Every structure is written in structure tokens, then in C-alpha cells.
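Asks: Below are the C-alpha cells for one structure; questions will follow.
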Amino acid sequence: MVFGQVVIGPPGSGKTTYCNGMSQFLSLIGRKVAVINLDPANDSLPYDCAVNIEDLIKLSDVMMEHSLGPNGGLVYCMDYLEKNIDWLQSKLEPLLKDHYLLFDFPGQVELFFLHSNAKNVIMKLIKKLNLRLTVVHLVDAHLCSDPGKYISALLLSLSTMLHLELAHINVLSKIDLIESYGKLAFNLDFYTDVQNLSYLQRHLDQDPRASKYSFHHHQEEEDEPLQQGSSPCSTPRKSRKSTKDSKNPYSTRGLDKFSALLADLEEKRQQIYSQVDSQDISFVRFVYSSSNDCVPIIVKLKDQNKQDQNKGIDLKMNQEPHKTQKLWINRQ
Ligand SMILES: Nc1nc2c(ncn2[C@@H]2O[C@H](COP(=O)(O)OP(=O)(O)OP(=O)(O)O)[C@@H](O)[C@H]2O)c(=O)[nH]1
Ligand SMILES: [Mg+2]
């Protein structure tokens, strides 16, 4: 079985440098390593690559021949690579016996959350060559210094994870430069653990560009006034809201526990469906209540004929004795 990494990330996030450093590290600890350059725009490679996409197709040729810009050209190159996957397969086969593989991909992020060609290339290699690959997604650590950019990096990481459907590690690159961007609003573990993003709200409000979108939650501010003199670089203190008994215990658990919770909720959902009048139920959702419980919300669609006088969406929350909330939505 052959193991390796698919190294991706926005332009200039350090993919090629990472592949170079990782290959040196692996060599030093006695592992045979092969770096495969799949970026047809990688002009000067700092490592000796075992396979180079430029032997198959060059971005400059594509741009010239097809009158494409660099972005369209890269999509074309990935498409071409997918169609010629046998070429890549034949180049990789001699390495499969004992090498660890590092794939250096282009920095055009749309290739990894929007288009399917790069994903198809990776999936075909996994299937044909029985590879075990992990995605290493590099994001420049300086994005932590700006709350809006940090959220955008998280969204990018999330869409990439969902699109590629592989084992995935997000890495903050260029961490040695982080101090040059000033003090972070929170400790580094806030950013690496992706803790409660609502703590970023007041920092977004201080940003002249973000503040115009009014992220501020006024009620929360009334509940919890900003403490004068509190250190801006301390781990966020728990909001009054979260220290109350409404703290969701599942928020600190791992994915393994989460599947147990889902099974539990599915059982509750089936119990609700087995009750009388269940044919009227459109779907059942769950919310976490202040009494440490997952409360079902039953959504029923009203019959249009009976409810003609109520145009538009009509939401009613009824508290049942067994703490079930029902939400009716008019069919438009
Ligand atoms: N200070 C610092 N610089 C880095 C680090 N990693 C990469 N760089 C620099 O960042 C620049 C871009 O690095 P690359 O490795 O070419 O980035 P890339 O993601 O491969 O770029 P593209 O292939 O163009 O998308 C180079 O000047 C690197 O020397 C790091 O950890 N610290
Ligand atoms: Mg590169």
C-alpha cells in the first residue's frame, strides 16, 4: 500500500516550499520520497521531481494555442491531465514499491472546491494504484490577523474538504511571520482549533469594511458589555450565555461522539413519526435547549386550500407539554 499527500492551498501559500521541506525531512528519517509536480505553471522547482506535468503539458503553450488566460489555462491543463491519466499512472508505477508520494498542485483554489478535474485525477490515481492519500491544505497564517479573512479561509477549507472527500489536514503556513502582522486578537489555539466564531463579532465590527455589514449582535452586547482593559490577546472568555446551563455538551466532543448523537436523534425522530397525525409532518429538526436537551421541532406544511386567507409564510411556535415545538409553514 502506498501513502502520500496531496498538497493544495491558495497561490503563494507555500505548497512548493512545503513539498521541498517535507521531502528533505522524510529523506533524513530514511524514507524514500518522490515529489510529483502537477502544477504546469511551476517555473523553478526547488526539489528534484520524480514526475513533472510539464513533460505532458505546459501552461504557456495552452495559453498561446487556445488564447486562454492563466486561470482558464490551468483548468484546461487539469482537464488534459484527467484525459491522459494513463501517462501519470505509467510514471508513478515504478515508484509504488517503496516511495512516499508528495503531489504539488497548482494554487488555483477553484480547482479543488468547484471544478471536478483535479478531484477526478486524484480519485482515479487512488483507485488504479491503490493509494492512501491525505490532503494537506495550506492557508497562510497571516489570515488569522484579520477576522474577515480568517472566516473566509475557514469557508474555503470547508468547501475544499467537502468537495475532495478525502482525509484532510488544514495547515497554517508561514507561521514564522505571524508576529510581523501585529498581535492576534486571540491565542493561536483559538485559530487552530476553530473555536466559537461568535467571539470574532466585535473584532469584525472594529473593521471599517466589515462593520458596514452590521455583524453586531446587539442583544449579546447588552448581556455582556465589553470589559475595559481586558487583554486583546487572551483566549476568549466564555460569554455569559455559554456559562449558563445552555452550554451544548456536544460542542466539545469529537466526530465519533457526534455519530452517537445522530443515532440518538434519529431514534427520537422515528418515535415522533410513529405518533398519530404523523402524515402531516413534513420534517423534524432538533435544537439544543437551555435545559440541556435536544428539543424536536416538528415542521408541518399547512394545506393551501384550507388556509387561503393566510398568504405568505406564517410561523407559529407552540410549546407542547412534552417540550416539543411545532412549526407550521404555509405552502406558497
Ligand atoms: N517566511 C516564510 N516564507 C515562506 C514559507 N513557505 C513559503 N514561503 C515563501 O512564500 C513564497 C511562496 O512559496 P511557494 O512555496 O512558491 O508557494 P506555492 O503555494 O507553491 O505558490 P504557487 O505554486 O504559486 O501557488 C516563497 O517566496 C517562499 O519562500 C514559510 O513557512 N515561511
Ligand atoms: Mg507552487
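Asks: Among the listed pairs 124/174; 127/149; 58/97; 149/174; 15/149; 58/124, which have their C-alpha atoms separated by more than 25 angstrom in this model? Mind dumping the intermediate values first?
Replies: Numbers: 124/174 32 Å; 127/149 36 Å; 58/97 29 Å; 149/174 16 Å; 15/149 20 Å; 58/124 22 Å.
In this structure, 124/174; 127/149; 58/97 lie more than 25 Å apart at Cα.
Asks: Now a separate question. List the residues whose amide H sits under 5 Å from the amide H of residue 134, counting only those 5 or more places along or on another chain, with H placed 1.01 Å from N in the peptide plane.
Replies: The answer is 4, 5, 6.
Asks: With a Förster radius of 30 Å, plug the Cβ-Cβ distance of residue 27 and residue 128 into 1/(1 + (r/R0)^6) and report the FRET value to the nearest 0.05.
Replies: Once the sixth-power term is evaluated, E becomes 0.65.
Asks: Stretch residue 281-residue 174 to full length: gain in nm at 0.36 nm per residue minus the Cα-Cα span?
Replies: Details: separation 107, 0.36 × 107 = 38.52 nm, distance 5.18 nm.
Gain in length upon complete extension: 33.3 nm.
Asks: With only Lys, Arg, Asp and Glu charged, each at its Cβ (+1 for the first two, -1 for the last two), find how big the charge dipole of the stretch 16-160 is about the Cα centre; round to the nearest 20 debye.
Replies: Numbers: 12 positive and 16 negative charges, 136 e Å.
Once rounded to the nearest 20, the dipole reads 660 debye.
Asks: Got a sec? Charge dipole of the stretch 1-141, +1 on Cβ for Lys and Arg, -1 for Asp and Glu; which of 105, 74, 28 is way out at the positive end?
Replies: The listed residue farthest towards the positive side: 28.
Just so you know, all these numbers are worked out from the coordinates, no wet-lab data involved. Small disclaimer: the values here were computed from a predicted structure and weren't measured. Virtual Cβ from ideal backbone geometry, glycine too; neighbours counted across all protein chains shown.
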